[in-house]
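One structure is given below, encoded as structure tokens.
Computed from the coordinates by the stated procedures, all read-outs in this text should not be read as laboratory data. As the structure is a computational prediction, the values presented were derived from the model and not from experiment. Positions of Cβ are backbone-derived with ideal geometry, glycine not excepted, and every protein chain shown enters the neighbour counts.
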Amino acid sequence: MCLNRPKGTAPVTIREVRLSTTPSDESIADLRLGDIVYLDGLMYTAREGVYMRALDDKANIPMELPSQSAANFHCSPAARINPDGSFDMGAVTATASFRFAKWLPEWMAKTGAKLIVGKGGMSSRDYKEYFVPNGAVYLSTVGYGTGALLGRGVENVEAVHWNEELGLAQAMWVIKCNGMGPFIVASDLNGDCLFERENAKIAENVARVYEGTKPAVLKRYGESDDRTDEVI
């Protein structure tokens, strides 16, 4: 896939990658910042409830990890368990991963997780300290409102664990993916951060954009005068 660029600049090629949820070390190393990834295989949801139960309370994890899956999705699916024990799942909306950063080093070391999937990503410091030692990368959802789109890549729900103890939102959902995505590679094995890299490029021009303008008369509570703070 190629994106058009301003006249006089070379087009940017975006790679699309089909990746197993039990990826080889070579396939992880081959990923580059900005690659678009579609996942095949089993993926499980795990957020604070699962982390606290497995790590703080030392409960036995009800899956063989990482042989069954090395992909942890920070997600609360729009799903239900029917009276007959079957499952219905529609949208699968990611949640912000920075909320779970403190559990990730121990979780990755314990489970062999190589793909952490969620929304928003973390800092390059987090990637270098937590992800790189465990040979893991971060995959981010692309934009907002993609829950239904991602749900199309769910072939079926394999199991739900700890739903009675944690509730449906915090339970460990095991889903079978078939081309689930798109996700974007937001960190690599060097610990580089896609969002930090791109934000630095944008911030270079912020001062020029605001050059000659007067400070705002009305401000929101907590608003900064530093224009670079407005770039997220």
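Overview of values
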item: Net charge, L194 excluded, C-beta distance under 10 Å - Lys, Arg +1, Asp, Glu -1; result: -3
item: Packing-based ranking, highest mean first, of 38-47, 104-113, 131-140 given that Cβ atoms within 10 Å are counted; result: 38-47, 131-140, 104-113
item: Candidates G181, G212, G153, ranked by Gaussian network fluctuation over the chain, Cα under 10 Å, top entry; result: G212
item: Computed FRET value (nearest 0.05) for K201 with E106, which takes r as the C-beta separation and R₀ as 41 Å; result: 0.75
item: Counted charge near T21, where neighbours are those whose Cβ lies closer than 15 Å (Asp, Glu -1; Lys, Arg +1); result: -2
item: 5 Å-binned pair-distance histogram of the range 8-99 (Cα, whole percent); result: 3, 10, 14, 18, 21, 15, 9, 5, 3, 1, 1, 0, 0
item: Size of electric dipole in the chain: Cβ of Lys, Arg +1 and of Asp, Glu -1, about Cα centre, debye, nearest 20; result: 620
item: Degrees between helix 194-203 axis and first principal axis of the chain (Cα, 0 to 90, nearest 10); result: 20
item: Net length gained if the chain between E16 and Y38 were fully extended (0.36 nm per residue, minus Cα distance); result: 7.2 nm
item: Mean ellipticity per residue at 222 nm, deg cm²/dmol - from DSSP H runs of n ≥ 4 across the chain, formula -39500 (n - 2.57); result: -3500 deg cm²/dmol
item: Highest-MSF residue in the chain out of A171, A59, A70 [GNM, Cα springs under 10 Å]; result: A59
item: Dimensions in Å of the chain - Rg and Dmax from alpha carbons; result: 19.7, 67
